[in-house]
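The structure appears right after this line, and notes come after that.
The values are calculated or read from the model by the stated rules, or taken from the named source; none is laboratory data. As the structure is a computational prediction, the values presented were derived from the model and not from experiment. Virtual Cβ from ideal backbone geometry, glycine too; neighbours counted across all protein chains shown. For the accessible areas, the whole protein counts, side chains as well, though only heavy atoms, and no ligand, DNA or RNA atoms are used. Shrake-Rupley method; radii C 1.70, N 1.55, O 1.52, S 1.80 Å.
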Amino acid sequence: MMVSDVVVVGGGVVGLAAAWRSLERGHRVTVLDPRPGDGASRAAAGMLGAVSEFAFEEEALLALSLPAAERYAQVMADLERASGMATGYRRSSTLVVASGASDRAAGDQLRRRQEELGLSVRPLAPMQARRLEDLLSPGIAGAFLAESDHQVDPRRLVSAYLAALEGSARAVVRPATATALVWDGPRVCGVLIDGTERISAHEVVLATGASTRLGGLPTGLRLPIRPVYGDVLRLRAPASLTPFLSHVVRGRVQARAVYLVPRDDGEIVIGASEREDARTGVSAGAVLQLLRDAAELVPAVAELELVETIARARPGTPDNAPLLGRIAPGLIAATGTHRHGVLLSVETAVAVADLIDGRRARAEHAAFDPWRFSERTAARPVTASVRSRSQEES
Ligand code: GLY
């Protein structure tokens with residue numbers, strides 16, 4: 001039987017970030033995933049859009065997304081040093097562009113809310129936006145700049161996390177499937193792999209993304225994760241059009257969202273649809289729409305080489321907020337990050353490591369309580385942090 005301080009179930013960016021942070025805090029870590037990095041992280045464009053991806057009614061998310069955006073540069077510098085690999089983190093800022101008058105009106109409404117919340121957005125006239133990006137269509141109706149929204153390359157990021165973990169004697173990444181939790185009385189004390197082999201752990205972290213299928217979860221606990229499929233395209237610019245864009249461009253075309261993320265190596269990532277049709281393959285209709293909308297904003301998209309199409313499922317929740325926090329003694333949730341997994345990963349990792357180290361959950365994370373969708377009568381175990389709080393009060 002293997003023993004680890006921390007077992008992370010799920011090797012996408014959220015699980016890998018949590019594993020690496022735990023390793024940095026001195027814990028022995030095991031990551032279990034049949035194909036690490038091959039879920040939503042493989043499709044993700046890597047926009048770090050705390051401001052530009054803010055949506056109405058998602059104010060609670062700012063408690064994670066803003067500190068994550070601030071933390072990113074330092075975490076990437078540390079990870080690049082530890083792994084010896086580049087993560088593709090790039091301070092490229094994000095240009096938010098409206099295609100027509102109704103898109104501009106909707107964008108202005110959102111911008112007013114962003115300004116009320118103290119988010120940094122700079123309105124630009126179409127001409128000013130085109131001075132920043134000369135390939136933008138002359139027809140765009142409005143724009144603003146989210147200067148603090150940058151990008152990372154999720155595929156490089158996953159490789160760097162894996163290299164940093166695999167380079168440590170205290171970490172193991174196993175291409176294996178955790179099938180069930182193992183309990184010792186009220187406490188989770190490990191997992192079963194493929195229904196037979198047991199790994200003991202002081203803490204198990206559930207970072208299973210859209211595929212939360214694990215036996216032995218507490219009775220009555222509802223983790224209502226649903227797969228929200230995204231189709232994403234990878235394209236390449238000819239030398240004559242390089243650099244294609246210097247900012248991330250996030251657009252709105254007849255109320256549909258589209259984004260273009262330019263990488264240093266000439267790759268342009270265009271995304272993403274949001275489908276809940278349970279079709280795992282790439283949707284031809286979505287590819288068609290994404291290319292049309294991207295070309296509406298940047299007509300030279302038609303000159304690019306289409307290199308790859310991919311679809312993956314994001315882990316959506318009913319309120320679009322993550323499931324982050326303690327489920328039971330020995331069991332922590334870090335999933336449900338929906339459209340923001342890459343951005344949120346660095347901050348959810350800190351929250352997970354803090355819980356592992358016995359700190360109580362931060363008050364501003366109450367909105368992410370993994371029990372919030374469960375019946376009040378559910379058998380909610382007394383958690384370590386609740387216990388220590390009541391001990392302090394007594
Ligand atoms: N964060 C962008 C997306 O999920 O499409």
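Please name all residue pairs, on different chains or six or more residues apart, with Cβ atoms under 8 Å, provided the first residue is in region 264-290 and is farther than 28 Å from PRO224 by Cα and the second residue is surrounded by fewer than 16 Cβ atoms within 10 Å (Cβ to Cβ).
Between residues of region 264-290 that are farther than 28 Å from PRO224 by Cα and residues that are surrounded by fewer than 16 Cβ atoms within 10 Å (Cβ to Cβ), the close pairs are GLY266/THR242; GLY266/PRO243; GLU267/VAL307.
Does VAL352 qualify as being away from the ligand (no atom under 14 Å from the Cβ), under 23 Å from ARG187 (Cβ atoms) and in a helix (DSSP H, G or I)?
yes
Each row is one residue, and each column tells you yes or no for (1) among the β-branched types (Val, Ile, Thr); (2) assigned to a loop (DSSP other than H, G, I, E, B); (3) open to solvent by 10 Å² or more (accessible area, probe 1.4 Å); (4) out of contact with any helix residue (DSSP H, G or I) (no Cβ under 9 Å at 6 or more places or on another chain).
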residue: ARG156; (1), (2), (3), (4): no, no, yes, yes
residue: SER159; (1), (2), (3), (4): no, no, yes, no
residue: ALA163; (1), (2), (3), (4): no, no, yes, no
residue: SER168; (1), (2), (3), (4): no, yes, yes, no
residue: ALA180; (1), (2), (3), (4): no, no, yes, yes
residue: GLY190; (1), (2), (3), (4): no, no, no, yes
residue: GLY195; (1), (2), (3), (4): no, yes, yes, yes
residue: HIS202; (1), (2), (3), (4): no, no, yes, no
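State whether the residues of region 112-126 include one that is among the hydroxyl-bearing types (Ser, Thr, Tyr) and in a helix (DSSP H, G or I).
No; the residues of region 112-126 include none that is among the hydroxyl-bearing types (Ser, Thr, Tyr) and in a helix (DSSP H, G or I).
May I ask you to list pairs of residues, at least six apart or on different chains, whose Cβ atoms are under 8 Å apart, with the first in region 293-310 being over 20 Å from ASP103 (Cα atoms) and the second being of a type in the set (Lys, Arg) and open to solvent by 60 Å² or more (accessible area, probe 1.4 Å)?
Going by the 8 Å Cβ cut-off, the qualifying pairs are LEU304/ARG236; GLU305/ARG236; VAL307/ARG236; ILE310/ARG42.
Quick one: is ARG234 surrounded by fewer than 19 Cβ atoms within 10 Å (Cβ to Cβ) and either of a type in the set (D, E, K, R) or within 15 Å of the ligand (Cβ to nearest atom) (or both)?
No: the conditions fail for ARG234.
Is there a residue in region 220-228 that is more than 16 Å from the ligand (Cβ to nearest atom) and among the β-branched types (Val, Ile, Thr)?
no
Anything in region 239-271 that is open to solvent by less than 50 Å² (accessible area, probe 1.4 Å) and either among the basic types (Lys, Arg) or modelled with pLDDT under 95 (or both)? List them, or say none.
Listed by number, the residues that qualify are LEU241, ARG250, ARG263, GLY266.
Quick check on ARG213: is it over 20 Å from the mean Cα position of the chain (by Cα), surrounded by fewer than 24 Cβ atoms within 10 Å (Cβ to Cβ) and of a type in the set (Lys, Arg)?
No; evaluated as a whole, the condition is false for this residue.
State whether one or more residues within region 358-366 are within 15 Å of the chain's Cα centre (by Cα) and surrounded by 17 or more Cβ atoms within 10 Å (Cβ to Cβ).
No; the residues of region 358-366 include none that is within 15 Å of the chain's Cα centre (by Cα) and surrounded by 17 or more Cβ atoms within 10 Å (Cβ to Cβ).
Please list, ordered by first then second residue, the pairs with beta carbon atoms under 6 Å, 6 or more apart or interchain, first in region 49-66 and of a type in the set (S, T, N, Q), second part of a loop (DSSP other than H, G, I, E, B).
Final answer for the pair search is SER52/ASP149; SER65/ALA50.
Specify the residue that is most open to solvent (accessible area, probe 1.4 Å); the eligible residues are those in region 302-318 that are out of contact with any helix residue (DSSP H, G or I) (no Cβ under 8 Å at 6 or more places or on another chain) and of a type in the set (Asp, Glu).
Selected residue: GLU305.
Being within 16 Å of ALA295 (Cβ to Cβ) and not in a strand (DSSP E or B) is the filter; apply it to region 239-271 and report the residue that is farthest from the ligand (Cβ to nearest atom).
LEU241
Take THR280 and tell me if it is farther than 19 Å from PRO315 by Cβ, among the polar types (S, T, N, Q) and more than 12 Å from the ligand (Cβ to nearest atom).
no
Being open to solvent by 40 Å² or more (accessible area, probe 1.4 Å), at negative phi and touching a residue at least 12 places away in the same chain (Cβ under 8 Å) is the requirement here; does ARG35 meet it?
Yes: the conditions hold for ARG35.
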